[in-house]
Structure formats: C-alpha cells, structure tokens
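Data first, discussion second: the structure below is written as structure tokens.
What follows draws every value from the coordinates through simple rules; no lab data is involved. All figures in this text were calculated on a predicted structure; none of them were measured in a lab. For neighbour counting, all protein chains shown are included, and Cβ atoms are generated from backbone atoms with ideal geometry for every residue, glycine included.
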Amino acid sequence: MKSKTVFYCTECGNESPKWSGRCSACGAWNTMVEQVERSTKGGRKIPTVVAVKASPITDINTSDEIRFSTGMRELDRVLGGGAVKGSLVLVGGAPGIGKSTLMLQICRQLGEFAKVLYVSGEESAHQIKLRAQRLNAESENLYVLSETCLGNLMESVNAEAPDVLIVDSIQTLYNEELDSPAGGVGQVKDCTMALMHLAKSRNITVFVIGHVNKEGSIAGPKVLEHMVDCVLYFEGDQHMTYRILRAAKNRFGATNEIGVFEMMDHGLKEVENPSEMLLSGRPEDAPGTCVTCVMEGARPVLAEVQALIAPASGSNPRRTSNGFDYNRAAMLLAVLEKRGGLKVSQCDAYLNIIGGLTLDEPAADLAAVVAIASSYLDKTVPSSMAAMGEVGLSGEIRSISHLEQRLSEVQRLGFTKCMVPASRSREIKPLPHLELLPVKNVADALRHLVHG
Ligand code: TYD
Ligand code: MG
C-alpha cells in the first residue's frame, strides 16, 4: 500500500506536501497538521469512469434528477424544490442551533415512502428515541444507529439499504484506517468523501450534519463545501426562537432562498410569514422605531429598527448597535448631525434590530435614520409607515434593488405609507392602499416625520 504524507491547515483546509509554521493560503499560525493519506484501500475511492465519451448537451436527460419532498416546505424551498435522490447535503450550524432537531423531524414524513437510517455519534439510540417521541418523528421506517465508526456505518448501510441516510455529525465520525483523531481535517474530509461516494453509487440521499466553529466555517475544513452537492447553514440567535436556513451552495438549485423556522417546545415550526412574526408585539406610538423591508435571499422580510438617543452622561457618548453594522450606524449619525441638523454627536445612541435579525443591506439605512431622528425628536413614526432607501454621505437617499417586491410585502402587511427614494418613485406602479412618500434627502425624511 502506498502512502504519502500530506499536511492540512485546520483553518482553511489548504493542503501542502511540506510542513510549515504558517499556512501559505490563509496565513494562520500553527495550524498545519500531518495527515497520512492512503492512495488505495478497500476500493472506496471513486472508480474511474468506464466510458469516456462526451455527449451533446441536448441529448442529456434531466428527468433522472428525482426530487422528493422532505415534508417541510421551508426545507424543500431551500433545497430548490425538494431533496434530490443520490445527493449529499451538508447541514451546518453552531452547536445547539437545532440541526439534529430539524433532521429528526423530517424523518416521520420521509418514513411514509422511504427507509431512513439515522446514524448518530452524538447521542445514544435511547436518547434519539426520546427526542423522536417528543418531536413526534417516530416511524416504522426510521432506523437508528448510535455509531462513530465509518466502517460500521457502511456495514449498516449495506444491511439496511436505506433510501435516506442522516449522519449526525461529521465531526464524530472517523475512519479507523486513518490514524488521526475524529473531527480532524483529514478524518472529516475522508468520511465526507466516503459518504459522497455512497450517495452517488447507491443513489442514497445523504444528509450530513456539521458543526460550525466560531469563525463560521464547518469546523476548520472549508474543504467540505466544495466536495458536497449542497451546503445549508442553519443560523439564528440562540436566545431568540427563530432560525433561518440558508443555502450557501446548491448544485441542484438557486442559493437565494431561505427557510424560516421557530424553535418551540415540540421542535421546529415552519414560519411561512416571517414578516408577521418579526413585527408581532411592535409598540404602537412609541418614538424611536421604524419598519423597513430587507431582502433575505429572494424573500422580502419586514424588520423593525429601534433607536434610543439620550443625552450622554459622560464626555464620551456611548454607541452600541445590535444587528446593524456599527460603522454604518456611526456614519448615519454623522449624516444626521451634518445634513439633518440634529445634535446627535453629544448623545448616547443605541440601535437595535428586533428579533435577532442582522441587517447588512444599505436599504435599511433610511429606517435607521428615521428611528434615530424619531427618538431624538421624541416624535412618533406612525405605526402604518415604513421606510427604505440607502443613505449617502451627502444625506441623499439613493435607489435600492427589488423595490417593487419590497413594496408589495409592505403593502401585504397592511402599511399605508412608505418612504422611498425619490429617484425611483415615478417608475413604481401604484399599489392600492399604499401611499409612497418620495424622499430626496435626509431633510425630506425629517419633514415627513415631523409633519406626518
Ligand atoms: P439540537 O437539534 O440538539 O441542536 P444541534 O443538533 O444543532 O446541536 O437543538 C438543541 C436545542 O434546541 C436545545 O437547546 C434545546 C432546543 N430544543 C427545543 O427548544 N425544543 C425542542 O423540541 C428540541 C428537540 C430542542
Ligand atoms: Mg445535534
């Protein structure tokens, strides 16, 4: 058996034939680890293609791509309209975010037409049973195995011949033929490759759970992302109940769809109307809050921006922002001071996005400016008013993308007025019951705020 030594960076997964103290790709120190890679063993490597012949694109049959519903519409949506048979989907997310819950929850529905094997290296069969009972996920077609060894997993797949395989998690799985610890880059990569091969050769749909580390990559090996068919990230604030599922990569569909869930006592509930949920409990007639519409993938979602501006207690005003870029908030405060004539530089300023949402779109600027001004002037923003637009350094309100889609969401949720960039207001088709308030600059926005 031939073996060659390879070094991997545990941060970025970069491979190198030589060890070095610093990774040449990502520049991280002391992250190169040795990995003995065996070139042939047990025939698990992807076999060479038998007939090497290219075919005209018009002759390629796409109907062999078989999709099936997972029973969760939000998950189907992110997958591009259901799971594809023989594909490998990586479900990433921080520990405790709800990955195991999501996967176990789809088992009952899948069990109606498919045989599912759930392999967990994190929990015992007993624990899985208890959780499945709680989630009402039990099915005669759901087989459970508590196992961390890749060889045993393969054996079980041979014995059970499942249609769907769920592996929880890739970090606990290890190949006994490699002498590195489970969770290491080499192991994670090798096991994923084996599962990928399994998916393709047996036409099994494989879901693999992967924990994400602090930096946001799936525990070091970004390598996994390019190996698999589909990468989904499960995100959300652990203290908040709602979770967003996003596709970072999808070989069988677009990546601009998101799925929204809420974590309840009995598992995850699909949220078909995220805007409604984010706006629930909104204070009526309180100054310092303004609603905007952001694009979460291809989906418009309404979000509430809250600001609190109070005279600074010391000589250094305090600034915090939650869910809104700090530097962007500082810039908006400066624009308000200079172009809007509000003396906010002497004030403490707190900016918060309700629901643990993070707004990283400039389209939310105008709502932030309106919320800040509303708090400073102690003037309520009418609860039926929303605002969207990017704010430039000279205080001008600039155009934003997907304006029509955003406006229909605003209208759907019963808003009757919306501030929009003046440059675009003429080209927008009028929407019933929604009055557009064109604003050219920050001063215009303040005028609407003061005069209603
Ligand atoms: P889990 O799916 O175990 O997370 P992961 O697999 O991503 O590490 O979810 C764990 C969290 O979800 C835990 O903090 C408890 C909470 N939870 C609920 O609130 N309700 C439920 O019905 C379940 C199963 C979990
Ligand atoms: Mg788990």
- Query: What FRET efficiency comes out for the pair His126/Asn61, r = Cβ-Cβ distance, R0 = 41 Å, nearest 0.05?
  - Reply: 0.35
- So what J values fall out for segment 367-384 if you push phi through Karplus, 6.51 cos²θ - 1.76 cosθ + 1.60 with θ = phi - 60°, rounded to Hz, Gly and Pro as x? 4, 5, 4, 5, 5, 5, 5, 4, 5, 4, 7, 6, 10, 5, 7, x, 5, 9
- Cα coordinate range in the chain, projected on the principal axes (Å, largest first): 79, 52, 52
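Relative to the present Cα-Cα distance, how much length would full extension add between Glu138 and Asn158 at 0.36 nm per residue of separation?
Numbers: separation 20, 0.36 × 20 = 7.20 nm, distance 2.25 nm.
The Glu138-Asn158 span can extend by a further 5.0 nm.
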- Task: With a point put 7 Å past each Cα toward its Cβ, work out how far His402 is from Glu284 in nm, to one decimal.
- Result: 3.1
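The chain: longest stretch without exposed chymotrypsin sites (Phe, Trp or Tyr not before Pro) (DSSP loop, at most 12 other Cβ within 10 Å), sites themselves excluded? Don't skip to the end; give the middle numbers.
On the way: sites that count: Trp19, Phe113.
Of all site-free stretches, the longest is 114-452.
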- Hey, which of these cross-link pairs are over 27 Å Cα-Cα: Lys269/Lys429; Lys343/Lys379; Lys99/Lys249? Lys269/Lys429
- Message: Rounded to two decimals, what is the ratio between the C-alpha radius of gyration of segment 152-268 and 2.2 N^0.38 Å?
- Response: 1.14
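For segment 101-241, compute the number of Lys pairs whose alpha carbons are separated by less than 18 Å, excluding pairs fewer than 8 positions apart on the same chain.
Working: Lys115/Lys129; Lys115/Lys200; Lys189/Lys200; Lys189/Lys222; Lys214/Lys222.
Summing the qualifying lysine pairs gives 5.
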- Loop trypsin sites (Lys or Arg not before Pro), segment 324-382 (other Cβ atoms within 10 Å of the site Cβ: 13 or fewer; DSSP): Lys343
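Sorting Met264, Met154 on the 10 Å Cβ count, fewest up front, what's the list?
Working: Met264 9, Met154 16.
Exposure proxy ranking, most exposed first: Met264, Met154.
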- Task: Going by C-beta contacts inside 10 Å, put Thr172, Thr70 in order with the fewest on the left.
- Result: Thr172, Thr70
- From fewest to most C-beta neighbours within 10 Å, the residues His402, His211 line up as His402, His211
- Task: Report the local net charge at Arg73: Lys and Arg +1, Asp and Glu -1, summed over other residues whose C-beta lies under 9 Å from its C-beta.
- Result: -3
- Residue-wise HN-Hα coupling along segment 166-174, computed from phi with Karplus coefficients 6.51, -1.76, 1.60 (Hz; x: Gly, Pro): 10, 10, 10, 10, 5, 6, 8, 7, 9
- A correct Karplus calculation of ³J(HN,Hα) over segment 234-247, with 6.51 cos²θ - 1.76 cosθ + 1.60, θ = phi - 60°, whole Hz and x for Gly and Pro, returns 9, 10, x, 8, 4, 8, 9, 8, 8, 10, 10, 9, 10, 8
- Once all Cα-Cα distances of segment 61-103 are split into 10 Å bins that start at 0, what whole-number percent is in each one? 25, 49, 20, 5, 0
- Message: Under the 0.36 nm per residue contour assumption, what length would be gained going from the current alpha-carbon distance of Asn273 and Ser315 to full extension?
- Response: 10.7 nm
